[in-house]
Structures are given as C-alpha cells and as structure tokens.
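Enquirer: Handing you a structure now.
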Amino acid sequence: MKMARKHTMSFTDAAMITCYANDYGWEKAMEEWIIAQFLPGDTLVAISSSGESKNILNATRKAKEMKGKVITLSGFNKDNSLSKLGDVNIVVPVRSFGIVENFHSMVLHIILDDLHM
C-alpha cells in the first residue's frame with residue numbers, strides 16, 4: 001500500500017483467516033473473503049507455488065467472476081491450473097519451493113517499483 005499508493009488488502013490477518021476457515025473451510029476461505037471485500041475493477045495477485053492450491057484457485061475464479069483483474073504467480077509446472085486463470089500469468093517452471101518463492105518476491109518488487117515511479 002505504501003509503495004504503490006493504492007488501496008490494498010492482504011490475506012494475513014490471523015483472526016480473519018481463522019474466522020473464514022472455521023466458517024467456510026480452508027478451500028473456500030479466501031473465496032468468501034473476496035466476496036466480502038473485492039470490487040469490480042480491483043486486481044487480485046494470486047500466488048501459489050504449485051499453482052494447484054484449491055483455496056487460491058477458488059478465490060481467483062471468484063475475482064474473475066466479480067469482474068476483477070488477476071495476476072497469477074505460480075511455479076513447478078508451466079501448465080498448472082492457476083496459470084490458466086489470470087490476465088497476466090507468471091510461471092517459474094522449477095520444482096523448488098525456495099526458488100519459486102524467491103522469484104515471486106522479485107517479481108512483486110519489480111511491480112511495486114514500477115508503480116512507484
């Protein structure tokens with residue numbers, strides 16, 4: 001939010017994660033959070049190292065359904081499920097969590113630096 005000077009939301013609030021997971025189950029928790037917070041025209045940055053995390057896939061589909069834009073960051077297999085859902089899809093075709101996550105971090109910093117300029 002600080003760097004991009006944009007309204008942002010991150011799925012990092014432990015109480016909210018627990019609340020949604022308890023009420024809707026882990027696979028639907030982020031999708032329900034999207035329903036509560038996402039607005040048409042918003043952009044979701046969906047990140048899953050494998051590209052197969054059901055909770056991320058469900059949230060991504062919901063964001064698209066709600067007329068949002070989606071950027072996906074995934075890894076492992078270039079044809080993973082998440083890589084087919086975004087308006088922009090970035091895949092790191094390496095089977096190492098550490099390498100995939102570090103590359104994703106670098107991409108996010110590049111995006112923020114570009115928005116900040």
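The values are calculated or read from the model by the stated rules, or taken from the named source; none is laboratory data. This is a predicted model, so every value here is computed, not measured. Counting neighbours? That spans all protein chains shown, and the Cβs are built from the backbone with ideal geometry, glycine included. The area values use the complete protein model at the heavy-atom level, side chains included, leaving out ligands, DNA and RNA. Shrake-Rupley method; radii C 1.70, N 1.55, O 1.52, S 1.80 Å.
Enquirer: Does R61 qualify as being among the basic types (K, R) and over 24 Å from A29 (Cα atoms)?
Expert: The answer is no for R61.
Enquirer: State whether the residues of segment 59-67 include one that is of a type in the set (V, I, T), surrounded by fewer than 18 Cβ atoms within 10 Å (Cβ to Cβ) and part of a helix (DSSP H, G or I).
Expert: no
Enquirer: Restricting attention to segment 72-87, which residues are modelled with pLDDT under 95 and in contact with a strand residue (DSSP E or B) (Cβ under 6 Å, 6 or more places away or on another chain)?
Expert: Across segment 72-87, the qualifying residue is only K78.
Enquirer: Count, please, the residues in segment 68-95 that happen to be in a loop (DSSP other than H, G, I, E, B), open to solvent by 40 Å² or more (accessible area, probe 1.4 Å) and either without any contact (Cβ under 8 Å) to a residue 12 or more places away in the chain or on the phi > 0 side of the Ramachandran plot (or both).
Expert: The total comes to 1.
Enquirer: Sticking with this one: Take segment 39-58 and flag every residue that is charged (D, E, K, R) and either within 15 Å of K28 (Cβ to Cβ) or part of a helix (DSSP H, G or I) (or both).
Expert: Within segment 39-58, just K54 meets the criteria.
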